[in-house]
Amino acid sequence: MYMLTRQLSRRLLIIAILLATMLVSPLRAQSNAQPWWQHAIFYEIYPRSFADSNNDGLGDLRGITSKLDYLHTLGVDAIWISPCYPSPQFDFGYDVADYENIDPMYGTLADFDALAREAHKRNIRVIMDFVVNHSSHQHPWFLESKSSRNAPRRDWYIWRDGKGPGLPPNNWESSFGGSAWTFDPTTGQYYYHYFEAEQPDLNWRNPAVEKAMFDVTRFWRKHGVDGFRLDAVDLLFEDPDLKDNPVLPGKNEFGDPQMTDKFNDNLPQVHDELRRLRKVTDANGQVLIGETWTDNIDELKAYYGPHQDEIQLPMDFMFTTVKSLSAPDFRKQIELVESAGGWPVFVISNHDIVRSYTRYADGKNNDQIAKLMAGMYLTLRGTPILYYGEELGMENHDPVRKEDVKDPLGQHGWPEQKGRDGERTPMQWDASRNAGFTQGTPWLPVDPAYTTYNVAAESTNPDSILNFYRRLLAMRHLSPALLDGDYTPIGQNGPNVLAYLRRSGKETILVALNFSNSTQPFDLNSAAQGTIQAKTEVLLSTSAAKDAANGQQHTLLLSPYAVYIARINP
Ligand code: GLC
């Protein structure tokens, strides 16, 4: 009896250890050749809205730490935390008053250390948002800079005389509306701010600024930070002669004249600076992700650097210009980015962009479309960055009255520009009050759809968007072709079906996505130009597509918005 109990408890122990190991490290394909960030799934956390541990209505670092197991089992390998530095919050943290601390509303540096430690235990890397272009107007550097024309740090920001009484130095506009120059009566000069007046631009032509910012990266290395997302990095430099920007016909959403940012965006000096920064972050073992808004593929290409020596992961925002569910439009964008020759980072959602669920919804097939977008996004070559809640099918929940708007962009641009509150609402954890985000009053209202779209409910529904993401992520992590394989479009001219092969030496994966609301035939053999002789092994598909494939036909019938992913066995 005693022996039996002992054997049983030993077995139980082994099972427990196996389960624990699975929990600590979900299965991953092994590769030593690729840097970690090429195989990683990144996940953006907007800290105000993720999880509130002290019930003050604002998310915080302890809240994030308490959700690391959720992220780990989802299949997340790195979290990018939007700014949590001390800040007066004029732009919700993108106005930094101290680059080397944590805002008390989010916790302490010790809380951050605990978060980084716990994340690393689960093989999750930590990426900080590095607001390089500007600080807060309350940063001690700026307070000193504005105090006198002779202040030692005067030249840390961009000060100029006006053109005349009441006239700013040139016609540059703030992207939040109005002039990009604010007059400061203390010293009788204007200072430059691409964003809000509370976000003065740093002067990167000053070596002391560069040194201070490089030191920031070293500071966070000591606190376990594995990389940075470089905020608004394309804006680091301005034309020293302050030439007027070319004016275009019409007005923008703030009622200001339309113009291009020819003389204050994407200047060549940005690239020299990035190469210098990269040397520092390489020495720290940190990766760089870039918020790189570009108008064309050459500009994006330039951010990788002539010798891949600038940003490892420059984001492609042109992907978000595909406004409708169009297979040819997505195909074109993918091929453009593929032609840049770098490692792609397609952007589909973030804290500045209307959620993809809302952008592509048709009102009838919304959840299926969300799965379609996931099916595409997570099978493309490159590093995906999920935005919190995307895995649940969270939608935008925009304010309906101006007085409810929190985002300065919406306050200035209302009603044409509603701001970004809609995509920043609290994470939906369960069906309890406030979606389990807080017991207090959430800083933004929770989207009413939370009773259906939440982690707890979706975890128990095999057909939920969340479980679809989980399956996709698990599949991606185990597939050499999806992780490293090349991208070959097939069925090139199809107006409705986006299809491609991902091929590595070891494996070929076929992805076929129906971007239309009607059933579409898809001929496996001719689409794959004869590469598919017979055996397709379905890895993941939405039900109707799967049925057709199981019938061993060579023509698939893809139901509306179907996702079909199969391994092609030789
Ligand atoms: C970036 C951020 C955005 C912020 C702006 C100013 O674009 O993503 O949220 O408002 O920079 O810092």
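The values are calculated or read from the model by the stated rules, or taken from the named source; none is laboratory data. The structure displayed is predicted, hence computed values, not measured ones. Don't worry about glycine lacking a Cβ; one is built from the backbone with ideal geometry, like all the others, and counts go over all protein chains shown. Note: areas computed on protein heavy atoms with side chains; ligands, DNA, RNA excluded. Shrake-Rupley method; radii C 1.70, N 1.55, O 1.52, S 1.80 Å.
Brief remarks follow.
- Pairs spanning more than 20 Å between alpha-carbon atoms, out of Lys67/Lys121; Lys251/Lys332; Lys121/Lys506; Lys323/Lys418; Lys251/Lys418: Lys251/Lys332; Lys121/Lys506.
- Close amide-amide hydrogen proximity is noted between Val497 and Phe515, each under 5 Å apart and 5 or more residues distant or on a separate chain (H modeled in the peptide plane; Pro and chain starts excluded).
- Helix 465-478 vs. the chain, principal-axis angle (Cα, 0 to 90°, nearest 10): 80
- The alpha carbon centroids of segment 199-235 and segment 422-458 are separated by 34 Å.
- Cleavage-rule hits (trypsin sites (Lys or Arg not before Pro)) in segment 414-523: DSSP loop, at most 13 neighbouring Cβ within 10 angstrom: Lys506
- The value of relative contact order for segment 66-221, using C-alpha pairs under 8 Å at least six residues apart, is 19 percent.
- Working ranking of peptides 214-221, 447-454 by packing, defined as the average number of other Cβ atoms within 10 Å per residue, highest first, is 447-454, 214-221.
- Set of aspartates and glutamates with alpha-carbon distance to Lys371 below 17 Å, sequence-local pairs under 8 removed: Asp362, Glu390, Glu391, Glu395, Glu458, Asp463
- Normalising the average separation of contacting C-alpha pairs (under 8 angstrom, six or more residues apart) by the number of residues puts the relative contact order of segment 239-369 at 16 percent.
- Only DSSP H runs of four or more residues enter the estimate; each adds -39500 (n - 2.57), and after division by the residues of the chain the mean residue ellipticity at 222 nm equals -8500 deg cm²/dmol.
- Listed peptides 125-132, 396-403 appear in the order 125-132, 396-403 once ranked by packing, highest mean of other Cβ atoms within 10 Å at the front.
- Difference of contour (0.36 nm per residue) and Cα-Cα distance, Asp161 to Asn101: 18.2 nm
- Inter-site label distance for Thr441 and His223 at 7 Å from Cα along Cβ, in nm: 3.0
- Residues in the chain average 40 Å² of solvent-accessible surface per residue, probe 1.4 Å, ligands and nucleic acids excluded.
- When only alpha carbons are used to place a centre, segment 341-386 and segment 36-79 end up 19 Å from one another.
- Measuring r between the beta carbons of Thr108 and Glu416 and using R0 = 51 Å, the FRET efficiency lands at 0.80.
- To put it simply, the accessible area of segment 292-340 at a 1.4 Å probe is 52 percent carbon and sulfur.
- The chain: relative contact order in percent, alpha carbon pairs under 8 Å with at least 6 residues between: 12
- Extending 7 Å from Cα along the Cβ direction at Gln34 and again at Lys279 yields two label points whose distance is 3.1 nm.
- Prolate/oblate/rounded label for segment 64-120 (Cα gyration tensor, a/c 1.5): prolate
- Tensor-based shape of segment 15-170 (alpha-carbon gyration tensor, a/c under 1.5 rounded, otherwise prolate or oblate): prolate
- Partner aspartates and glutamates whose Cα lies under 16 Å from the Cα of Lys406, excluding those fewer than 8 positions away in the same chain, are identified as Asp91, Asp95, Glu196, Glu198, Asp352, Asp398, Glu416, Asp421, Glu423, Asp447.
- The spacing between segment 294-309 and segment 174-194, judged by their C-alpha centroids, is 31 Å.
- For segment 91-226, the share of accessible area belonging to carbon and sulfur comes to 53 percent (1.4 Å probe, ligands and nucleic acids excluded).
- Degrees separating the helix 2-24 axis from the principal Cα axis of the chain, which is the longest one: 50
- Compared with the dominant Cα axis of the chain, that is its longest principal axis, helix 269-284 is turned about 60°.
- Column: log10 I(q)/I(0), Debye, Cα scatterers of segment 346-471, q = 0.11, 0.17 Å⁻¹: -0.39, -0.91
- Considering the chain at the alpha-carbon level, its Rg and Dmax are found to be 25.0, 97 Å.
- Accessible surface of segment 365-434, 1.4 Å probe, proportion on carbon and sulfur as whole %: 43
- Cα gyration tensor shape of segment 282-397, rounded if a/c is under 1.5, else prolate or oblate by comparing a/b with b/c: prolate
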